[in-house]
Every structure is written in structure tokens, then in C-alpha cells.
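Reviewing the structure listed below.
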Number of protein chains: 2
Amino acid sequence: MNKAIILKNRPKGTPQLSDFKTIEKEMPKVQQGEVLLKTLFVSVDPYLRGRMSDAESYVPPFELDKPISSGIVAEVVESKNENFKEGDFVSDRLDWKEFQVSTGEGLQKLDPSIQPLSAYLGIIGMTGMTAYTGLTQIGKPKAGETIVVSGAAGAVGSVVGQIGKILGCRVIGIAGSDEKVEMLKSKFGFDEAINYNTTKDMNKAIAKAAPNGVDIYYDNVGGTISDAVHRNINQFARVVVCGAISLYNATELPMGPRVEGLLIKKSALMQGFIVSDFSDKFAEGTQQLGQWLKEGKLQYEETVVEGFESIPQAFIDLFSGKNKGKMIVKI
Amino acid sequence: MNKAIILKNRPKGTPQLSDFKTIEKEMPKVQQGEVLLKTLFVSVDPYLRGRMSDAESYVPPFELDKPISSGIVAEVVESKNENFKEGDFVSDRLDWKEFQVSTGEGLQKLDPSIQPLSAYLGIIGMTGMTAYTGLTQIGKPKAGETIVVSGAAGAVGSVVGQIGKILGCRVIGIAGSDEKVEMLKSKFGFDEAINYNTTKDMNKAIAKAAPNGVDIYYDNVGGTISDAVHRNINQFARVVVCGAISLYNATELPMGPRVEGLLIKKSALMQGFIVSDFSDKFAEGTQQLGQWLKEGKLQYEETVVEGFESIPQAFIDLFSGKNKGKMIVKI
């Protein structure tokens with residue numbers, strides 16, 4: 001039999017295990033031109049929360065009682081498509097199913113001799129590209145500038161900070177535990193890191209860590225952490241709005257300080273994006289990240305959870321920050 | 001004697017007449033190299049409110065018990081500077097005084113045969129340049145796009161809308177009276193205009209006026225009007241944050257819906273600016289606005305108040321929208 005995970009209810013607030021259901025399906029039959037894929041690694045990402053609501057967004061919401069989909073690395077276990085053979089590794093946005101068929105369209109072939117397969121979901125996949133494009137295309141860092149990254153120990157944030165260091169910036173990370181703060185400094189080379197869970201006055205802590213002010217704020221979290229960073233931005237600052245994980249589970253419209261006055265005072269910019277906005281930069285980004293990895297300039301961290309039925313819990317755990325780096329489920 | 005208007009108190013909330021004081025000063029003596037200027041027209045502008053507070057901003061605050069300054073057109077009535085002669089007309093940021101001396105540095109000579117002198121404070125002065133640079137450099141309008149302008153009947157807004165029309169956009173104005181709404185459509189050629197004082201559901205009214213959504217929002221007001229416009233923005237929208245007159249008199253940090261989620265969903269941009277950020281575009285802007293004026297493509301409106309001692313009231317009246325177009329005090 002073939003397990004699949006469907007969206008049972010649209011979550012209210014923080015997603016619960018009861019919002020998901022594992023069902024059993026027939027093993028699919030492979031038609032001419034198709035391949036049968038066996039899921040190996042599943043990426044769980046905060047942005048999936050948005051698709052679980054039925055509010056209009058940049059991508060249509062997941063349908064109730066249908067499998068959820070996300071970035072997946074799979075192995076071709078049967079092929080009736082001349083472009084793929086048994087044993088090929090591929091990645092794509094695929095359903096949360098143990099096995100599924102594909103026409104091959106959109107499948108990207110992966111070379112496990114270059115990087116471990118799971119890295120294609122992270123540092124050299126969508127995560128790395130999100131970090132690279134958001135920082136370079138919106139943040140436009142110049143050597144000597146100060147970058148603050150929220151969600152800094154997460155999949156995107158940890159890469160953003162390292163790219164910032166490679167480009168000659170002072171980099172300050174914000175994360176939710178002393179262990180993460182330590183990792184940011186020792187493993188990823190951040191200049192400073194702040195544990196927001198133990199810091200009383202974030203405004204002051206950021207001012208101290210960024211004595212020359214904040215030129216770029218790469219924001220993965222939104223909310224009150226961001227309010228504190230905003231208060232420290234410099235003239236002509238760029239706020240890269242990549243994610244707002246602190247707001248995704250809000251059940252009412254989240255309120256906060258209005259930003260218009262600040263943006264005028266500082267001639268500052270706030271810009272939201274999704275990675276596909278910059279698809280014309282993917283070739284450049286892949287080449288650049290691959291080179292930095294090869295040169296040992298980029299490190300990455302993964303939190304790997306095992307077992308197909310663990311996918312919903314792994315996803316839920318993102319919102320309490322249980323992951324360091326990329327959260328991956330290994331099947 | 002020579003009157004001057006000083007800042008007596010830092011306003012709390014809406015400025016009051018008692019925050020200002022008219023004092024009498026000696027007539028200044030003109031030293032070698034200086035000119036004596038007689039004030040003819042004084043520009044009062046919402047942004048001056050920021051300088052009356054002592055909060056840090058992009059320009060230092062006005063000092064208490066010292067004259068306030070703003071854009072002024074003056075006549076040279078005595079000259080000991082070879083670059084100026086009696087009868088020359090000039091403009092600069094100058095003090096609210098009937099007479100003052102200048103070294104000549106920074107004075108811009110004006111030609112009243114090209115445009116009426118007051119226009120050098122408005123359509124072909126800082127106001128026009130603010131409209132032109134903010135719209136073209138941040139808004140980046142493309143023909144066929146939809147622009148919403150708040151504070152549309154004001155000095156900047158009325159110019160923004162007309163430039164939008166010249167560039168082939170659909171333009172919707174938001175203003176505070178039926179008379180202003182009528183003026184936007186009949187005099188300035190806006191496609192639609194909305195009276196926010198008589199409209200119950202601004203969200204719906206904007207959706208109706210902008211059936212294809214909002215690509216550019218040129219914001220002069222901030223606050224709840226802006227919240228309603230934000231709800232109607234398209235993917236890749238640009239929000240030009242020029243002013244926030246509805247927030248300038250706030251006595252507490254104004255709160256509103258957090259924008260991060262929206263910016264991500266729509267891959268949208270919000271950018272604040274002050275006109276001097278784009279000083280490298282002033283030559284282009286002056287040439288372009290002058291040409292459009294000559295071709296009859298640009299109209300402008302002035303609300304002219306008379307008398308030196310009327311300056312504070314004219315300034316205060318900006319916040320209740322008593323002006324149509326540029327508010328000018330004629331001495």
C-alpha cells in the first residue's frame with residue numbers, strides 16, 4: 001500500500017496534528033511516458049502554512065482532503081519515460097505520498113556525488129536560492145554594511161548570514177535559544193547573535209550589536225522582533241521581507257506600529273518577495289552557492305526527522321523553532 | 001520694524017496658534033557680499049510638522065524661540081553682492097521673517113516671465129519635484145497600470161495624478177470633499193475620485209474604482225485610508241510613501257495592520273523618500289514639468305492666504321485639508 005498525507009482541516013492558529021490525516025492509497029500504475037517515484041526526503045517549510053488557509057495568496061490554497069505538496073527528493077523506481085531510468089534521483093514540488101507517478105515534466109535530476117541528496121532541498125535548492133536572491137536583489141549589500149537576520153538559525157537565515165559575511169558585511173543574527181546563538185557564531189561566522197527569548201530589551205540589544213545602525217534587515221519572522229530592528233535602521237535601509245513566521249498562525253489581523261513614518265524618515269524600503277520572482281537569477285545563484293560550498297565558505301545545518309508519518313509534526317515544530325537549519329523528513 | 005514667526009512650543013497633537021509667536025526684530029543691516037530679501041510668498045507644507053517635534057528625523061528639529069523656515073520666494077531689495085541686483089526674484093529655504101539677509105549662497109534666481117512667482121514654490125518647485133521623482137523613481141509607472149493617489153487634491157497629489165495620466169495610467173484620487181473630488185476629475189483629469197469623508201467602505205470603493213487592482217499607490221496620508229488601498233494592491237505593486245499627514249499629529253505611536261504578510265503575498269514594495277534623495281533627477285524633472293506646463297498638459301491649483309501673520313493658521317489648516325493644491329501665504 002501507499003501512504004499519503006492529506007489536509008483534513010484548515011488550521012485555526014497553530015496547526016495541530018488533527019489537521020492532517022494519513023490515508024492509504026493504491027500503488028499507482030505507471031503509464032507509457034511516466035515514471036514511478038519513491039519519496040526519499042521531504043522539505044517542510046513555514047510558507048506552507050499560508051497554503052493551508054483558504055485566503056487568497058500568491059499560490060492557490062491546498063484543497064481539503066487532498067495530499068499536501070512541498071519540495072521532495074525522490075528516486076525513480078520504475079520508468080516508462082526515456083529521459084529517466086531506474087535509480088535516478090530527482091526533485092520537484094511533489095505530493096506528500098510514499099509513491100507517486102510523474103510525467104517527468106518539471107523533474108530536476110540530482111547528482112548525489114556533488115552534494116548529499118537532502119541538500120537539494122536546502123542550501124542548493126529553494127532555501128539557498130531564497131537566501132541568495134532576496135539578499136542580493138533586494139538587500140543589495142555593500143561591503144562594510146550591517147545586516148540583521150531574523151530567524152537566523154533557520155534554513156534561509158543561516159545562509160543569508162553567511163553570504164553577508166562572504167560579501168564583507170557585519171552580520172547579526174536573531175534566534176530563539178542559546179544553543180542556536182552559539183551555532184550562529186561558531187559554525188556560521190555571524191559577528192553577533194541575540195537570543196530573543198532571553199533578551200528583555202531587543203531594541204537596545206540590536207543597537208548594541210549594530211553600533212553603526214542597520215543597513216539591511218533580512219526578515220523571516222515579522223512581529224515584535226521586527227519592530228525592534230526597524231527602530232535601528234539607517235537612512236536608505238533595505239528591509240527584505242522574506243517571511244513572517246510569527247504572524248502565520250495569527251487568528252486575527254496582526255496589528256503593530258505603522259511603518260510609514262519610519263520609511264519616510266529613513267528613506268527606507270520594505271520589499272516582499274517569493275523566490276520565483278527571481279527565477280532569472282537561479283542559474284547565477286546555483287553556480288555561486290555551489291562554488292562557495294566547494295570552497296568551504298558555506299556551511300549548512302539540517303534537522304532530520306525520520307518516517308513518513310512524522311511529516312506533519314516536523315512541519316508543526318517549525319513554529320516553535322525546534323529546527324536548526326533546514327527541517328527535512330527522511331522517509 | 002521686521003516681523004518674524006518663532007516656534008514657541010513644540011506642538012502636542014494638532015498644532016495650535018499658541019505654539020507660534022510673532023515677534024518684532026530690528027531691520028537687518030546688509031554687509032558687504034550680502035543681499036536684503038523681502039519675503040513675497042511662503043510655502044507651508046505638512047512635513048514641517050516633523051521638524052516641530054524634537055524627535056530625530058532626516059532634518060534637525062526647529063529650535064524653540066527661533067524663526068521657523070520653509071520654502072520662500074523673495075525679492076532682492078538691497079544688494080551688496082555682485083551676483084544679485086535690486087528687483088531680482090529668488091527662492092530658497094528661508095526664515096519666516098518679513099526681511100532677512102543672505103550671502104546669496106543657495107539662492108535660486110526666478111524668472112517671473114516663465115511662470116508666476118508662486119509656482120516656483122509649487123508645481124516647478126519642491127512640490128512638483130516631489131511628485132515627479134517619487135512617481136517615476138519609485139512608482140515606475142507603465143502605461144495601462146492603475147495608480148491610486150491619496151491626498152490627491154493637495155499640492156503633490158494633484159501633480160502625481162496628472163503625471164500618471166500623461167504616462168498613460170488609470171488614475172484614482174482620494175480626497176476629503178465633494179468639491180475636491182469634482183476638481184480632481186474636471187480640472188486634473190483623474191479617471192475616478194473618492195471622497196473618504198462620505199464613503200463608508202473605502203476598501204470596496206477602491207476595488208470598484210480600480211477593477212484591475214492597484215499597481216502603484218502614491219501615499220500622502222497614511223493611516224486607515226492607506227490600509228484600504230493596501231488591501232487592493234496587485235502583485236509587484238509599488239507603494240510610494242511620500243507623506244503620512246494623518247499620522248503627523250499623533251501623540252502615541254500609531255498602530256495599524258502589520259504589512260509584512262501583504263508585502264510577501266503580493267511581492268510588493270513600500271519605499272519612503274524625501275525629495276532630496278533624488279537631487280540627481282531635478283534637472284530632468286524641471287525640464288519635463290516645464291515642458292508639460294508649456295504644452296498645457298499640467299494644471300495646478302493654489303490656495304493663497306494673505307498676510308505675514310496668517311502663516312501659522314495656513315500651516316494648521318493643512319491638517320484639516322482646507323487647501324486645494326498648494327497652500328501659499330502671500331505677504
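Taken together, the values in this text are just the output of simple stated rules run on the coordinates, not laboratory data. In this text the structure is predicted, and so the values were computed from the model without any measurement. Cβ coordinates were reconstructed from backbone atoms using ideal geometry, including for glycine residues, and neighbour counts include every protein chain displayed.
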To check you understand DSSP bridge types, tell me what percent of the beta bridges within the protein assembly as shown (both residues inside) are antiparallel, rounded to 5. 55 percent
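Mind putting a number on the dipole of region A:43-120 about its Cα centre? Charges go on the C-beta only, +1 for Lys and Arg and -1 for Asp and Glu, and I need it in Debye to the nearest 20. Intermediate values should be presented prior to the final figure.
Numbers: 8 positive and 15 negative charges, 29 e Å.
Result for region A:43-120 is approximately 140 debye, rounded to the nearest 20.
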Scan of chain B for GluC sites (Glu not before Pro) in DSSP loops with at most 15 other beta-carbon atoms within 10 Å gives a longest site-free stretch of B:106-251
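Can you give the mean number of other chain Cβ atoms that lie within 10 Å of the Cβ atoms in peptide A:236-243? List each step's numbers first, then the result.
Working: counts 2, 1, 1, 3, 0, 10, 2, 3.
Average per residue, whole number: 3.
To check you understand DSSP bridge types, tell me what percent of the beta bridges within chain A (both residues inside) are antiparallel, rounded to 5. Don't skip to the end; give the middle numbers.
Details: 32 of 59 bridges.
Approximately 55 percent, going by the DSSP bridge assignments.
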What dipole magnitude, in Debye to the nearest 20, does the protein assembly as shown give about its Cα centre under +1 on Lys/Arg Cβ and -1 on Asp/Glu Cβ? 440 debye
Once the label point is placed 7 Å from Cα along Cβ, list for residue A:27 the distances to the corresponding points in the other copies, in nm, shortest first. 10.6
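Evaluate the relative contact order of chain A (contact order divided by residue number), counting alpha-carbon pairs under 8 angstrom at least 6 apart; express in whole percent.
Working: 711 pairs, mean separation 59.3, N = 331.
Relative contact order here is 18 percent.
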Considering only A:104, A:81, A:68, whose Cα is most displaced toward the positive end of the charge dipole of region A:11-111, charges sitting on Cβ of Lys, Arg (+1) and Asp, Glu (-1)? A:68
Which of B:292, B:96 has the fewest Cβ neighbours within 10 Å, and the rest in rising order: B:292, B:96
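Of B:169, A:242, how do they rank once you tally other Cβ atoms within 10 Å and put the fewest first?
Numbers: B:169 22, A:242 33.
In order of increasing Cβ crowding within 10 Å: B:169, A:242.
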So which of A:297/A:330; B:109/B:297; A:25/A:85; B:3/B:29 end up more than 22 Å apart by C-alpha? A:297/A:330; B:109/B:297; A:25/A:85
In nm, one decimal, shortest first: how far is the label point of residue A:143 (7 Å from Cα along Cα to beta carbon) from the matching points in the other copies? 4.5
Mind giving me the nanometre distance, one decimal, between the label points for residue B:66 and residue A:201, set 7 Å out from Cα along Cα→Cβ? 2.9 nm
Farthest positive-ward along region B:126-277 dipole, Cα basis, beta-carbon charges - from B:194, B:235, B:127: B:235
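Where does each of B:177, A:246 land when they are ranked from fewest to most other beta-carbon atoms within 10 angstrom? Present the calculation step by step, with values, prior to reporting the outcome.
Details: B:177 16, A:246 21.
Fewest-to-most ranking of B:177, A:246: B:177, A:246.
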Farthest toward positive dipole pole in the protein assembly as shown [+1 Lys/Arg, -1 Asp/Glu at C-beta], among A:289, B:308, B:211: B:308
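Taking Cα pairs under 8 Å and at least six residues apart, what relative contact order does region B:149-219 come out at, in percent? Mind showing how you got there, number by number?
On the way: 103 pairs, mean separation 22.3, N = 71.
Once normalised by length, the contact order is 31 percent.
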Out of region B:35-137, which trypsin sites (Lys or Arg not before Pro) are coil in DSSP terms and have no more than 11 other C-beta atoms within 10 Å? B:85
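Assuming 0.36 nm per residue, please report the length gained on full extension of the stretch residue B:103 to residue B:281 beyond their Cα-Cα distance. Spell out each step's value before the answer.
Values: separation 178, 0.36 × 178 = 64.08 nm, distance 2.65 nm.
Full-extension gain reported as 61.4 nm.
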Charges at C-beta only: +1 for Lys and Arg, -1 for Asp and Glu. How large is the resulting dipole of region B:126-277 about its Cα centre, in Debye rounded to 20? 380 debye
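Hey, got the average number of other protein chain Cβ atoms within 10 angstrom for residues in B:270-282?
Rounded to a whole number, the mean comes out at 4.
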